[in-house]
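A short write-up of the structure that comes next.
All of the numbers you see were taken from the coordinates with simple rules; none came from a lab. What you see is a predicted model; the values in this text were computed from it and never measured. Here the Cβ positions follow ideal geometry from the backbone for every residue, glycine too, while neighbour counts run over all protein chains shown.
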Amino acid sequence: MARSTRQSKILELISTYEVETQDDLVSRLKANRYNVTQATVSRDIKELGLIKLLSTETGKYKYAIADSQNQTSNKYLFMLRESIISFKAINNLVVVKTLKGIAQSVCNILDRFNLEQVLGIVAGIDTVLIILQDNLGAEYCEKKLENLINA
């Protein structure tokens, strides 16, 4: 599988689970049919700019996304460009089609961009639904996505 697909899955996994070690991440990736080594995961962690934060729930350290790094934002943009197949505004909704199995990661990334007038974002397997306040908000969101992907 492509590196961007694997890295999208990593972002999804660390957003869903408390992943404490690289071995945990390797195991979770393998359980999702990604044949990876610890060295590959180590490189992915570095490229994604992941950090370890103290979990408030368990008191242990876990991998997390570093929000403030510009390099990470650029990586998110790259992953969006590689993962999104199409998008269309319909009434107050924007429907985003993604590669199969990547919708949750795309949803997580889009959430980080704090798009205006978004009431919520929901993901399935290959579709993300962005719910906006009104039709104009959906048109604006569609243009914003177009600018993000074509920048």
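Structure above, values below:
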| item | result |
| --- | --- |
| Label-point separation in nm, residue 46 to residue 134, each point 7 Å along Cα→Cβ | 5.1 |
| Helix-only [θ]222 nm of the chain, DSSP H runs n ≥ 4, -39500 (n - 2.57) each, per residue, nearest 500 | -15500 deg cm²/dmol |
| Förster radius 41 Å - calculated FRET efficiency between residue 93 and residue 35, Cβ distance, rounded to 0.05 | 0.65 |
| Shape of the range 18-136, Cα gyration tensor, a/c cut at 1.5 | prolate |
| Listed peptides 45-54, 2-11 by packing density, highest first (mean Cβ within 10 Å) | 2-11, 45-54 |
